[in-house]
Amino acid sequence: MKTNYRPFGLLLLLLILLGCSKTIATTPDVTFTTLTGEKIALNGLRGKPVIVTFWATDCPSCIKEIPDLIDLYTQYHASGLEMIAVAMYYDPPNHVVDMTKAKQLPYNVALDLNSEHAQAFGGVMFTPSTFLIAPDGSVVKKEIGLFNLAKMKTNIESLLKG
């Protein structure tokens with residue numbers, strides 16, 4: 001008799017996914033250093049909605065959502081939306097720089113060389129992981145994997161209306 005281990009494997013994977021990333025309610029006190037050397041204190045962006053997205057250049061889903069992130073930035077930045085794309089610690093910096101240039105990313109891109117930002121955001125392990133932060137600093141949405149663009153726009157618009 002052949003044993004089917006698939007349900008056990010799926011259950012184990014689900015338990016791992018649920019246990020690997022802590023939920024955070026408010027933004028951590030972190031300062032990002034962008035590829036251009038600019039320092040951005042997350043707490044300094046209070047009063048504005050912010051998207052922080054963790055990504056990697058070798059992540060197909062991350063690459064797939066770049067046009068949506070560009071769309072969000074283009075549509076809402078003038079109204080106050082800030083965006084920071086944080087490259088995972090394992091992503092070679094030269095790959096991040098090359099991808100940023102190739103895709104002409106208009107928003108801030110930062111490196112997380114020691115995984116300190118991923119840890120501060122509850123132990124981010126999977127990419128893409130996207131956090132939508134309200135002007136008061138509360139995390140109103142966390143998406144692991146591709147986000148729904150229409151829902152994200154609705155969420156951003158509600159934050160901009162205050």
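Coordinate-derived values only; no laboratory data. For clarity, every value in this text was computed on a predicted model and none was experimentally measured. Please note: Cβ atoms are built from the backbone with ideal geometry, for glycine as well, and neighbour counts cover all protein chains shown.
Listing for the model above:
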quantity: Percentage relative contact order, the chain, counting C-alpha pairs under 8 Å, at least six apart; calculated: 30 percent
quantity: Nitroxide proxy distance, nm - points 7 Å out along Cα→Cβ at ASP29 and LEU160; calculated: 3.2 nm
quantity: Restraint check, LYS64/LYS161; LYS48/LYS103; LYS103/LYS151, Cα-Cα greater than 27 Å; calculated: LYS64/LYS161
quantity: Signed unit charges on C-beta, dipole axis of the chain, positive-most listed residue LEU146, CYS62, MET83; calculated: LEU146
quantity: Candidates per trypsin sites (Lys or Arg not before Pro) in segment 21-120, loop by DSSP, up to 16 other Cβ within 10 Å; calculated: LYS22, ARG46, LYS103
quantity: Test item: Cα-centred dipole of the chain, Lys/Arg +1 and Asp/Glu -1 on Cβ, debye; calculated: 480 debye
